[in-house]
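Below: the structure, in structure tokens.
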Amino acid sequence: MPAKFETPREAVRRIRSGATVMVGGFGLSGVPVKLVDALLETPVGDLTVISNNIGTPGGGLGKWLRAGKIKKAIGSYFTTNPDVGRAYLEGKLEVQLMPQGTFCEAIRAGGSGIAAFYTPTAAGTDLAAGKEVREFDGKLYVLERALRADVALIKAYKADELGNLVYYKTARNFNPLMAMAADLTIAEVDEVVPAGALDPECIVTPHVFVDIVVTG
Amino acid sequence: MPTEEQIRHIIARRAALELNDGDVVNLGIGIPSLVNNYVPPGVRIHLHSENGILEVGPSPSPEKADPNLINASRQPVTELPGTSYFDSGLSFAMMRGGHIDATVIGALQVSETGDIASWAVPGKTVLGVGGAMDLVVGAKRVIVAMQHTTKEGAPKLVPRCTLPLTAKGEADVVVTEHAVFRFRNGRLVLVEIGDHIDLDTLRRLTAANFEMEEPLRVVSRWEGDWK
């Protein structure tokens, strides 16, 4: 079904307390900031957030953390926001740390109907503790489960009227993967163009993965 | 004696000699980020950054910086002719799939069997691993560029890593300010030593057991007086 068009405030009303939410972005690049801000104005909390980082102190998803909306963070690199370490040590935040490539692949698998996969990354390290390890062709691989979410909040550059998406430079990062891996995908874009205005060869996320598009 | 900063550049300059013309290379943070300044004439490398860009260009002037055109250290970079962008999944497929020829990374410890510890210090809450584990497992050649000892003078080349591992047995080359070691058939071999240091001193600064290449290359690392 082609995507619906809503405002950020309308779109985030679909997110319930206790939900698992994927949020795109690497550092602050490719973070859907309008959606992040819109959710901040709702009473929703107790969220499990799947995102590579949790923003900066008071920036990006760092705002959700300061507002006490995050119960658990799943990602690869939280060092850029000292608030995360503090909340973790105070017992206010659960953290699940994953190697970044495993994190991506788990999301891609989640969006592709794959339950789990074997990766060589982290074999023999603390991050493989308690996980099944299997040898293939003389090399050790770690079994990793796929990741899915109730809602994915992603950032793209342009959408067409059907919800097909293109991205801007390194702001693409995790966004196309997360678009695939949630029951509801909400894409924040800078611009909406007529169907046919995007080169079909250049569309990165076809509209089947996109439920709602929001602009300013 | 070179300063701390000069030592970082001495290591980066020597690590750059490990790269071959045409290599697709991912450079880690710290000393490795300096390596691109020392790639020898006639060698062209193609930089990959795990946040989704191949053919990473040099840093722009501040007024031309684009917050959405960055490398994995979140520093502004530029496009080159032939730059491509891709999602993080494809970027890590390039690593694990063996499509990255070499990576230069820093490390806290390297063991005599090639284990690498580069991400977590015990006693500190480290909530970031990033792409380091995927990179060292996937890149065809792993070049560790690090200072020979810690700030406290403790050896970083050790029999067994005591810090949490990034990967087991993945190091191929270790470049320090004093020496170059290669892993050959899982054994650590000293192949090059600076002319500013004698072998006894190097052994004292190296806890790992190592073999020696004959003849050992002796090179000048520093034009000034090291002592």
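Since every read-out is calculated from the coordinates, none of them should be taken as a lab result. Because the structure is a prediction, the values reported are computed rather than measured. Because the Cβ atoms are built from the backbone with ideal geometry, glycine has one as well, and the counts that use them run over all protein chains shown.
Taking the alpha carbon gyration tensor of chain B, what are the square roots of 5 times its eigenvalues, largest first, to the nearest whole Å? Please report the intermediate quantities before stating the final value.
Numbers: eigenvalues 170, 81, 57 Å².
Result for chain B: semi-axes of 29, 20, 17 Å.
Calculate, for B:Q6 and A:V208, the FRET efficiency according to 1/(1 + (r/R0)^6) with r their C-beta to C-beta distance and R0 60 Å; round to the nearest 0.05.
On the way: r = 56 Å, r/R0 = 0.93.
Working from the Cβ atoms, E equals 0.60.
Does anyone have the angle between helix B:4-16 and the longest principal axis of chain B? Alpha-carbon axes, 0 to 90°, nearest 10?
Relative to chain B, helix B:4-16 is tipped by roughly 80 degrees.
What ranking do B:K140, A:K158, B:K156 get, fewest neighbouring Cβ atoms within 10 angstrom at the top?
So the residues, fewest neighbours to most, are B:K140, A:K158, B:K156.
Would you mind calculating the relative contact order of the range B:4-219 from Cα pairs under 8 angstrom and at least 6 residues apart, reporting the percent as a whole number?
After rounding, I find 18 percent.
Evaluate Rg over Rh across chain A, taking Cα atoms for both radii and Kirkwood's formula for Rh.
Radius of gyration relative to Kirkwood radius: 0.99.
Rg to Rh for the protein assembly as shown: what is it, with Cα atoms only and Rh by Kirkwood? If you can, show how the numbers build up before the last one.
Numbers: Rg = 23.0 Å, Rh = 22.9 Å.
Result for the protein assembly as shown is an Rg/Rh of 1.00.
Nothing charged except the Cβ atoms of Lys and Arg (+1) and of Asp and Glu (-1): what's the magnitude of the dipole of chain A about its Cα centre? Round to the nearest 20 debye. Before the final figure, lay out the partial values.
Working: 23 positive and 24 negative charges, 110 e Å.
Using Cβ point charges on Lys, Arg, Asp and Glu, chain A gives about 520 debye.
What trypsin sites (Lys or Arg not before Pro) in the range A:31-100 are in a loop by DSSP, with at most 16 other Cβ atoms within 10 Å of the Cβ?
Those that pass, being in a loop and sparsely packed, are A:K92.
For the range A:26-176, what relative contact order do you get, as a whole percent, if you take Cα pairs closer than 8 Å and at least 6 residues apart?
21
In nm, what is the difference between 0.36 nm times the number of residues separating B:L199 and B:W222 and their Cα-Cα distance?
6.5 nm
Within 10 Å of each residue's Cβ, count the other Cβ atoms and sort B:C161, A:C202 from fewest upward.
Taking fewest neighbouring Cβ atoms as first place, the list is A:C202, B:C161.
Cα convex hull of the range A:103-216: how many Å³ per residue?
129
As a test of the formula, what do you get for the protein assembly as shown when each DSSP H run with n ≥ 4 contributes -39,500 (n - 2.57) and the sum is divided by the residue count, at 222 nm and rounded to the nearest 500 deg cm²/dmol? Walk me through the numbers on the way to the answer.
Working: 10 runs with 81 residues, N = 443.
Theoretical 222 nm ellipticity from helices: -5000 deg cm²/dmol.
Excluding residues fewer than 8 places away in the same chain, name every one of the lysines whose C-alpha is closer than 20 Å to that of B:K64.
A:K169
For labels at B:H46 and B:L80 in the simple 7 Å Cα→Cβ model, what's the distance in nm?
Going from the B:H46 label point to the B:L80 one covers 1.0 nm.
By count of other Cβ within 10 Å, fewest leading, how are A:Y77, A:Y118, A:Y167 ordered?
Listing A:Y77, A:Y118, A:Y167 from fewest to most nearby Cβ atoms yields A:Y118, A:Y77, A:Y167.
Under the definition of partner shielding as Cβ atoms of other protein chains within 10 Å of a residue Cβ, what is the mean value for peptide A:76-89?
3
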